[in-house]
1. Under 9 Å from the Cβ of GLY171, count the other residues' Cβ atoms, weight Lys and Arg +1, Asp and Glu -1, and hand me the total.
2. How big is the range 154-199 on each of its three principal axes, counting only the C-alpha atoms and giving the largest first in Å?
3. I'm a student and want to see the number: the projected area of the Cα convex hull of the range 150-277, averaged over all directions, in nm².
4. Arranged from highest to lowest average of other beta-carbon atoms within 10 Å per residue, in what order do the peptides 207-213, 79-85 appear?
5. Counting only C-alpha contacts under 8 Å and six or more residues apart, can you give the relative contact order of the range 90-143 as a whole percent?
6. Name the residue from GLY119, GLY148, GLY137 whose Cα lies farthest towards the positive end of the charge dipole of the range 99-186, charges +1 on Cβ of Lys and Arg and -1 on Cβ of Asp and Glu.
7. Determine the percent antiparallel among the DSSP beta bridges restricted to the range 1-150, to the nearest 5.
8. Going by amide H atoms built from the backbone, whose H comes under 5 Å of the H on VAL214, apart from near neighbours?
Amino acid sequence: MNKNVVMVGAGVANVNAATKLIDNGFKGKITIIDMGKDPYLRPYEEVMTGFLGAGGWSDGKLTYHTSIGGHLSKYCGEEKAMELFDQVIDNFKRFHPKPEEVQCSNPVAEPDFIKPYFGLRLFPVWHVGTDYLHEIGKNWYDFLVNNGVEFVWNSKVTDIDFDFNELKYEGPPISEVVKVLQYDKLIFGVGKSGIDFGKQLAEEYDLPTESKPVQIGVRFEAPQKHFQKLIDVSYDFKLYRKFEDKGVSLRSFCTNNNAAYVAVEKTYGDVSYNGHAKKGEEHRNNMTNFGILMEIQGIDEPFTWSRELVKAVNETWFDNSKGQGRFRRKTHTGLYYSPTREAGMTSEGIKVDAMPIESLDRVKDAFQGYYSYIEDFIEDMKKVFPTLKDDWGIYVPEVKYLSPEPLVNYNDLSLTTYPNIHFVGDALSARGITVSGAQGTLVAEQILNNQKEINDFLEWADKPGPWSEEDDKIHTVGGLTNDKNKDFMKFQNKLK
């Protein structure tokens, strides 16, 4: 029995899911819908939509531990989680033009100079190489297309009817023309740009959900030389600290070195920041950047709170005294603050879109008292890395939108109330390439297992039995079906 599988989003989760299905001879139809473009047409700077999503297009580091990136092991256990990670990493190697260059770093000891001020999370990381991601994407995409996967690009899913197993989408190109697509299985992997849509569906169908904490902060940038002592121990270092009594924890996130650039993200019309690294000496700028993210517990409606904070930072009035007269102008962008430095350049040689500010007062107001934790984090980094001093800058804000997470069945990540709909990736609070890909792979495995069980049953049912047609005869007595010997009636009489 073959299934019509529709996947919303062409990110790492669904690409790995489709690959798993194809590798195991799945005969059903696979359709993937995405708002972006295929890897041959997708511009480098278009980081939010398109083939391989945000992470698979701009971040070449695959973390290899269950303690970060989401709680995959809670669904399938530690051993199975690591097995799924291996499958994701093998896929990136498989479509890599130079798989021998994919290397794993595995730091094991926390240096003493960090301990007085920060914890340091050490875990293995596979380095794919950011500069190879686009070639990987093209090779991977060709494999899927050549094996029958149908992609629908430049299209936005506008509605999903869980009860009638159909979705509606506009495009391609995105327009007012609405098209309808039926599915047997739906894998919902919309990524960060579609979290609002996931929240809308959860409310529309009254899905049981689990609230997630706020994840918000800044993107920190400084010359690499200040951090080299730590980079030599852990290339993708993770500094962290906890204030359990306050419900706040902080961590450095997505560290980039050597040729490190700050990237602009536009989500829901607002600007936030992330980072990426390029490979090759021609791109080297000897910079380091990483997020300083706070996880804040106990905020009522954390998704809405995060959205309002980002909007408050973006909508800034400032004075402009150039030209004739002095006037105030409103801008809609992120902010940049540094005691000494100017904002940096993107990997395309364009100045990062961020409005410089001389005071953090607006930022502190928007963060409603929580910015002090980031301020302390930076002050302690200056103690641990004494050459840093004021030679740094921050881009405000960096945010990971985590809407309330729908409750899912652990074996296949399907909704507890709609077992043919599976949530994966950012839609299920995954953070990072490896966890997202592993979630998609887990769903695909269960689809394959279910298909095998159904096919085995149908094959068994089609075989002739050892009994005769006379044995198959039944008799209806009082609305009940009985075999001709009335054994069921005899059994009933014994119960009386």
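Coordinate-derived values only; no laboratory data. Everything numeric in this text was worked out from a predicted model, so none of it was measured. Positions of Cβ are backbone-derived with ideal geometry, glycine not excepted, and every protein chain shown enters the neighbour counts.
1. Value of the local net charge: +1.
2. 25, 24, 14
3. 12.3
4. Output ranking for 207-213, 79-85: 79-85, 207-213.
5. It rounds to 47 percent for the range 90-143.
6. The listed residue farthest towards the positive side: GLY119.
7. 50
8. Residues meeting the criterion, in which the H sits 1.01 Å from N, are ILE296, ILE299.
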